[in-house]
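A quick write-up on the structure given underneath.
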Amino acid sequence: VRKTVKEMLKRIKNDGEEAVLHYAKELDGWKGGNFVMSENDIRAACDEVPDAVKQDIDAICDQVKLFAEQQLGSLVEFECKLPHGVVCGQKLIPLQTAGCYVPGGRFAHIASAVMSCMTANVAGVSNIICCSPPSSNGRIHPAIVYAAHKSGAHTMMAIGGVQAIGAMAYGLFTGRKADILVGPGNRFVAEAKRALFGQCAIDIIAGPTELLILADKSADAEIVAVDLVSQAEHGFDSPVWLVTNDRSLGEKVISRVPELIAELPADNAAGVAWQDYGEVILCDTKEEMAMVSDEYSCEHVEVFCEDLEWWHSKLRNYGSLFLGEHTTVTYGDKCSGPNHILPTRKVGNYSGGLNVLKFIKQCTYQRIPDEQSTRTIAPLAARISRVEGMEGHARSADIRLQKYFPTESFHVSHDWN
């Protein structure tokens, strides 16, 4: 995968739009025409979506927008005055261009369009580009178009895979290079984002989706089993794990999962995922269960246990936490509000998922409001610079003392070494 992606990105960088058109024809089935959607194209696609479906998408947009606005409100600009007369502060600057990838293929990932585009919109990104693979008719699924448009996408392109990521990163067809690339995708998309990190920001390097359920004797085995199967449906390599301190519950779930998988459509991936990646882990205590959960650092963690507040305060490593039987990852995946683009493969040890702050630079500034403040800050900077052996830095402080206070002497070095 890495070699293939490297070669594709190199060709796209060197040959530009011609290379993207080549890969779009070869991999997306592009047959000519403009895959950058016009306003008329977007309007026509939106008109295909039934009103009842639009209402549901509108509701999802509202949920995601409201939560993102709360996130935005948790971060503020400020200015303060520190010792030595330094006035400094924090300024929030939205990124200019976001490249949002929405997967296609087996499923129409409507919610992913909202999660990426709406979050960028709330953050104040001025140019949102959305790419999604075309279906067999050469067009993006109409519901994805409606969701992205409703969420604030300014440009939509019917291309997928590495060629879409490369086009957004290098500013092809739009003239605007992405400052950040976000959104889930297959292993080729994930590798393309990883390879481009540094040239632009990325949300996360996402692997297959994951679910870990913590369940004790109070849990409903049927709900546990159904939820495991619902996430195994994502793909053949989607791991699902049950961690429990109740042997009877574990045995019921092990027995029930294959029966539930058999009831799904024949082409589902859940059977292979459960067979190859499913685990049921039996622990002695809830403390051990919590330790195992934090060690797995799973993308989604559901808690079906007594004393939910204990679990809420105890657990530390996860992408998103679902507390109690009344909630489920399906709600988070589709409509509840918090973003569903989350860390996998233990990235939850050090990072959360996509959020408003990913699209905002938290930049600092400082100023010295008067010459008198230089009396204390400049000698301090000069002394520390010379201790570090950085004479050029020290002289940058010295020259200000000499300019503002030419008749005075200052302590600008230590009698040390």
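The values are calculated or read from the model by the stated rules, or taken from the named source; none is laboratory data. Small disclaimer: the values here were computed from a predicted structure and weren't measured. Every residue, glycine among them, receives a Cβ derived from its backbone with ideal geometry; neighbour counts consider all protein chains shown. Protein only, heavy atoms only, side chains kept; ligands, DNA and RNA dropped before computing areas. Shrake-Rupley method; radii C 1.70, N 1.55, O 1.52, S 1.80 Å.
Here is a yes/no grid of residues against (1) at pLDDT 95 or above; (2) surrounded by 24 or more Cβ atoms within 10 Å (Cβ to Cβ); (3) of a type outside the set (Ser, Thr, Tyr):
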residue: Tyr101; (1), (2), (3): yes, yes, no
residue: Arg106; (1), (2), (3): no, no, yes
residue: Ala113; (1), (2), (3): yes, yes, yes
residue: Cys117; (1), (2), (3): yes, yes, yes
residue: Ala120; (1), (2), (3): yes, yes, yes
residue: Ser126; (1), (2), (3): yes, no, no
residue: Cys131; (1), (2), (3): yes, yes, yes
residue: Ser135; (1), (2), (3): no, no, no
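Could you list, in sequence order, all residues of the stretch 289-300 that are over 17 Å from Ser218 (Cα atoms) and not small (Gly, Ala, Ser)? Within the stretch 289-300, Met291, Val292, Asp294, Glu295, Tyr296, Cys298, Glu299, His300 meet the criteria. Restricting attention to the stretch 215-235, does a residue exist that is farther than 23 Å from His340 by Cβ and either buried (at least 20 other Cβ atoms within 10 Å of the Cβ) or at pLDDT below 95 (or both)? Yes: the stretch 215-235 contains one or more residues that are farther than 23 Å from His340 by Cβ and either buried (at least 20 other Cβ atoms within 10 Å of the Cβ) or at pLDDT below 95 (or both).
So, in the stretch 156-185, exactly how many residues are of a type in the set (Val, Ile, Thr), within 19 Å of Val125 (Cβ to Cβ) and open to solvent by less than 30 Å² (accessible area, probe 1.4 Å)? Of the residues in the stretch 156-185, 3 are of a type in the set (Val, Ile, Thr), within 19 Å of Val125 (Cβ to Cβ) and open to solvent by less than 30 Å² (accessible area, probe 1.4 Å).
If the condition is being open to solvent by 60 Å² or more (accessible area, probe 1.4 Å), of a type in the set (D, E, K, R) and part of a helix (DSSP H, G or I), then the stretch 359-386 contributes Glu371, Arg375, Arg386. Summed over the stretch 53-75, residues that are without any contact (Cβ under 8 Å) to a residue 12 or more places away in the chain and more than 16 Å from Val145 (Cα to Cα) total 4.
Within the stretch 332-345, at least one residue is farther than 30 Å from Glu79 by Cα, of a type outside the set (A, V, I, L, M) and free of Cβ contacts under 8 Å to residues at least 40 places away in the same chain. Just one of the numbered conditions (1) within 19 Å of Ser116 (Cα to Cα); (2) out of contact with any helix residue (DSSP H, G or I) (no Cβ under 8 Å at 6 or more places or on another chain) is not true of Phe359: (2). Residues that are in contact with a Leu (Cβ under 8 Å, 6 or more places away or on another chain), over 22 Å from His109 (Cα atoms) and part of a loop (DSSP other than H, G, I, E, B) do occur in the stretch 8-25, at least one of them.
Looking for something assigned to a strand (DSSP E or B) and out of contact with any helix residue (DSSP H, G or I) (no Cβ under 7 Å at 6 or more places or on another chain) - is there at least one such residue anywhere in the stretch 234-250? Among the residues of the stretch 234-250, not one is assigned to a strand (DSSP E or B) and out of contact with any helix residue (DSSP H, G or I) (no Cβ under 7 Å at 6 or more places or on another chain), which makes the answer no. Applying the set (1) in contact (Cβ under 8 Å) with a residue 60 or more places away in the chain; (2) among the aliphatic types (A, V, I, L, M); (3) open to solvent by 70 Å² or more (accessible area, probe 1.4 Å) to Leu82 leaves exactly one unmet item: (1).
Step by step: first the residues of the stretch 387-407, then only those that are more than 18 Å from His84 (Cα to Cα), not hydroxyl-bearing (Ser, Thr, Tyr) and not in a helix (DSSP H, G or I), then the one that is most open to solvent (accessible area, probe 1.4 Å). Which residue is that? The extreme case among them is Pro406. Among the strands (runs of 3 or more DSSP E) confined to the stretch 257-353, the ones with at least 3 residues that are in contact with a helix residue (DSSP H, G or I) (Cβ under 9 Å, 6 or more places away or on another chain), of a type in the set (A, V, I, L, M) and open to solvent by 20 Å² or more (accessible area, probe 1.4 Å) are located at 279-282.
Between a residue in the stretch 163-176 that is touching a residue at least 24 places away in the same chain (Cβ under 8 Å) and any residue that is among the acidic types (Asp, Glu), which pairs come within a Cβ distance under 6 Å, given they are 6 or more apart or on different chains? Listed by first residue and then by second, the contacts come to Leu172/Glu17.
Against the test of being hydrophobic (A, V, I, L, M, F, W, C), out of contact with any Lys or Arg (no Cβ under 7 Å at 6 or more places or on another chain), open to solvent by 80 Å² or more (accessible area, probe 1.4 Å) and closer than 30 Å to Ile360 by Cα, the options Val20, Val36, Val76 yield a single qualifying residue, Val76. Within this structure, Ala44 passes the test of being without any contact (Cβ under 8 Å) to a residue 40 or more places away in the chain, part of a helix (DSSP H, G or I) and open to solvent by 40 Å² or more (accessible area, probe 1.4 Å). In the set (1) more than 25 Å from Phe236 (Cα to Cα); (2) out of contact with any Lys or Arg (no Cβ under 9 Å at 6 or more places or on another chain); (3) among the β-branched types (Val, Ile, Thr), the condition left unmet by Val87 is number (2). Any idea which of Ser116, Ser112, Ser151, Ser136 is in contact (Cβ under 8 Å) with a residue 24 or more places away in the chain and over 16 Å from Leu354 (Cβ atoms)? Testing whether each residue is in contact (Cβ under 8 Å) with a residue 24 or more places away in the chain and over 16 Å from Leu354 (Cβ atoms) leaves just Ser136.
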